[in-house]
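**Student:** Structure incoming, see below.
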Amino acid sequence: MGKLVTAAEAAARIADGAVVTISSSSALGCPDKVLAAIGARFEAEGHPRGLTTLNPIAAGDMYGVKGIDHIAKDGLLVRIVAGSYPSGSSNLPMPDIWRMIVEDRVAAYNVPSGILFDMHRDVAARRPGVLTKVGLETFVDPIREGCAMNAVAAAAPIVERAEFAGETWLHFPNIVPNVCILRATTADERGNLTYEHEGAYLGGLDQAIAVRNHGGLVIAQVKRMTAAGSLRPHDVRVPGHLVDLIVLDPDQKQTTETPYDPAISGEVMRPWASFKLAEPGVEKVIARRAAMELRQGMVANLGFGISAMVPRVLLEEGHAQAVTWAIEQGAVGGMPLTGFAFGCASNADAFMPSPNQFTYFQGGGFDMSFLSFLEVDVAGNVNVSKLGKKPYLTAGCGGFVDITAHAKKIVFSGWFEAGAEVSLEADGLRVVKPGKFSKFVDQVEHVTFSGGRARAIGQDVIYVTERCVIRLTDAGLVATEVMPGMDAERDIVAASGGRVRVAPDAVRMPLALLSDGPMGWVP
């Protein structure tokens, strides 16, 4: 039991100026008790000071698991490099970390999650940093923001363009972590860790190796402890020689508002009839049309927002297992969950460590990706990562840039206008009240996806809205399908300020998309 310490004792071992890597995905796998202890120690002692954190996926959320907000304090946190950040409703207070970012009180960077995992692997192997094409011509690229989220970050770049073997790459020099904080379910007395109640493995193993290989400190928060030798070797995901300290938190939740659900951790299989279908409405219509791009046996990636409804569309059609879903937290197959459990899946075929899942995504091994958009510009660029007026409404890029870098086909889903009132009728959709503004703009605020690069490498890109289906072509954004009930000139061309044109041979979207029951789709 020599590795067992209190959260306060673990926090006391973290030195000033440490680079701390944190394994988490919002509330999923968040070592919240340890983070809270670090914040409490700083309030009491003024230490540790000057920390940098590496967060491949967000630590904490806005709905009860504070995560990174525990240490979002002046003097404690000076730099944060994160794939994503806590995000949520505009009705909730801005998280402390976001307030620090917008007030330029911390150097903040948004680095694609997969690249951050790559950085840990290259640090561990003592290679000279990550060389990648992921992020070229997006906000990740130094020709744009270079991942910087504010002025203080822009003054200290962490990525550069490099020429190698006659090609242009992005190079991320090493940032060496010397503390790792991760979470598991069970630890034995030697520090071996198993994840039987977790909804994902995330990247804790890679993060621990990166720290151990540089002589650092690895802290594991777990729900329970058991005797040495009592864990099955095949079940151990992080071996004990990588773990220095163990902190117990018997009350740690699986994810927000879920203390423990064995279906999330793959211990039981839910009846398929127990999953809720997509709620009727315009967004379901959009998700239905997106689903029509699928074929039996495909492997598809899934993002947040309207796209997350697509598996429920397949469920209603009686084809829940026609497609294998792969999500960035690591689940493969089954039914991806929504709401607070997003990032988890029930009835999964397998759970992969997130770094391996991102290797698969970055190389484009899957058939299709379903993602959402905040805005699209005339070049086909997509923004999902920045809203200047209310930044915490978006989590940042997460795995979006990794996933889209080499995807064969991308289906973006979203509303044509923000705040429009649209009536759903048996014979079509009609705009009752125009929106506040079009989602199709001259230039997006943040380039999370590059339309120009997509055309250059031959990606198939479509944008599905309630009014039409738009394709990215060399001639710009062209609506090739129009929803029944829509006036193409008024509701598409004029509503977009002429940024979307309608193809002369545009066809009508199927009326079956509007049906009350299943639409009769066969993959």
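The values are calculated or read from the model by the stated rules, or taken from the named source; none is laboratory data. What you are looking at is a predicted structure, and each value in this text was computed from that prediction instead of being measured. Backbone-built Cβ (ideal geometry, glycine too); neighbour counts: all protein chains shown. Accessible surface is based on the protein model in full, side chains and every heavy atom, while ligands, DNA and RNA are left aside. Shrake-Rupley method; radii C 1.70, N 1.55, O 1.52, S 1.80 Å.
**Student:** Quick test of your reading of the structure: LEU513 fulfils all but one of (1) within 29 Å of HIS319 (Cα to Cα); (2) open to solvent by less than 40 Å² (accessible area, probe 1.4 Å); (3) out of contact with any helix residue (DSSP H, G or I) (no Cβ under 6 Å at 6 or more places or on another chain). Name the failing condition by number.
**Tutor:** Answer for LEU513: the failing condition is (3).
**Student:** State all residues of region 488-510 that are over 33 Å from the mean Cα position of the chain (by Cα) and either surrounded by 15 or more Cβ atoms within 10 Å (Cβ to Cβ) or not in a strand (DSSP E or B) (or both); if no residue qualifies, say none.
**Tutor:** ALA488, GLU489, ARG490, ALA494, ALA503, ALA506
**Student:** Report yes if some residue within region 420-443 is open to solvent by less than 60 Å² (accessible area, probe 1.4 Å), closer than 24 Å to ALA326 by Cβ and in contact (Cβ under 8 Å) with a residue 40 or more places away in the chain; otherwise report no.
**Tutor:** Within region 420-443 (the criterion being open to solvent by less than 60 Å² (accessible area, probe 1.4 Å), closer than 24 Å to ALA326 by Cβ and in contact (Cβ under 8 Å) with a residue 40 or more places away in the chain), the answer is no, since none of the residues qualifies.
**Student:** Can you find even one residue in region 28-45 that is surrounded by fewer than 21 Cβ atoms within 10 Å (Cβ to Cβ), in contact with a helix residue (DSSP H, G or I) (Cβ under 7 Å, 6 or more places away or on another chain), modelled with pLDDT under 95 and not in a strand (DSSP E or B)?
**Tutor:** no
**Student:** Does PHE449 count as in contact with a strand residue (DSSP E or B) (Cβ under 9 Å, 6 or more places away or on another chain), closer than 22 Å to VAL482 by Cβ, touching a residue at least 60 places away in the same chain (Cβ under 8 Å) and buried (at least 23 other Cβ atoms within 10 Å of the Cβ)?
**Tutor:** The answer is no for PHE449.
**Student:** Which condition number does ARG288 fail, the rest of (1) surrounded by 22 or more Cβ atoms within 10 Å (Cβ to Cβ); (2) at pLDDT below 95 being met?
**Tutor:** Against the list (1) surrounded by 22 or more Cβ atoms within 10 Å (Cβ to Cβ); (2) at pLDDT below 95, ARG288 comes up short only on (2).
**Student:** Residue pairs, Cβ under 9 Å, 6 or more apart or interchain, first in region 263-281 and among the polar types (S, T, N, Q), second assigned to a loop (DSSP other than H, G, I, E, B) and open to solvent by 30 Å² or more (accessible area, probe 1.4 Å). List them.
**Tutor:** As it stands, the answer is SER265/GLU196, since those pairs meet every condition given.
**Student:** Given the criterion in contact (Cβ under 8 Å) with a residue 12 or more places away in the chain, of a type in the set (A, V, I, L, M, F, W, C), touching a Lys or Arg at 6+ places or on another chain (Cβ under 6 Å) and crowded, with 21+ Cβ neighbours inside 10 Å, identify the matching residue among ALA59, ALA72, ALA107.
**Tutor:** ALA107
**Student:** Another question about this same structure. For the structure I just gave you, tell me whether LEU514 is touching a Gly at 6+ places or on another chain (Cβ under 9 Å) and either within 24 Å of ASP141 (Cβ to Cβ) or without any contact (Cβ under 8 Å) to a residue 40 or more places away in the chain (or both). Lay out the reasoning, then the answer.
**Tutor:** Details: touching a Gly at 6+ places or on another chain (Cβ under 9 Å): yes; either within 24 Å of ASP141 (Cβ to Cβ) or without any contact (Cβ under 8 Å) to a residue 40 or more places away in the chain (or both): no.
So LEU514 fails the test.
**Student:** Among the residues of region 242-264, are any open to solvent by 50 Å² or more (accessible area, probe 1.4 Å), in a loop (DSSP other than H, G, I, E, B) and hydroxyl-bearing (Ser, Thr, Tyr)?
**Tutor:** yes
**Student:** Shifting gears a bit: Taking region 471-487 as the search range and keeping residues that are of a type in the set (A, V, I, L, M, F, W, C) and more than 18 Å from VAL282 (Cβ to Cβ), which one is farthest from the chain's Cα centre (by Cα)?
**Tutor:** Initially, region 471-487 is screened for residues of a type in the set (A, V, I, L, M, F, W, C), giving 472, 475, 477-479, 482-483, 486.
Those left that are additionally more than 18 Å from VAL282 (Cβ to Cβ): 472, 475, 477-478.
Numbers: LEU472: 24, ALA475: 31, LEU477: 26, VAL478: 29 Å.
Here the answer is ALA475.
**Student:** I would also like to ask the following. Tell me which residues, restricted to region 312-354, are open to solvent by less than 10 Å² (accessible area, probe 1.4 Å), assigned to a strand (DSSP E or B) and more than 28 Å from GLY520 (Cβ to Cβ).
**Tutor:** ALA331, CYS344
**Student:** Please determine, by comparing only the residues of region 406-419 that are open to solvent by 20 Å² or more (accessible area, probe 1.4 Å) and under 23 Å from MET292 (Cα atoms), which one is nearest to the chain's Cα centre (by Cα).
**Tutor:** Looking at residues that are open to solvent by 20 Å² or more (accessible area, probe 1.4 Å) and under 23 Å from MET292 (Cα atoms), I get HIS406.
**Student:** Looking only at region 388-416, how many residues end up being outside any loop (DSSP other than H, G, I, E, B) and among the hydrophobic types (A, V, I, L, M, F, W, C)?
**Tutor:** Final tally of qualifying residues: 8.
**Student:** When the residues of region 357-378 are filtered to those that are within 21 Å of ALA200 (Cβ to Cβ) and free of Cβ contacts under 8 Å to residues at least 60 places away in the same chain, which remaining residue is least open to solvent (accessible area, probe 1.4 Å)?
**Tutor:** GLN357
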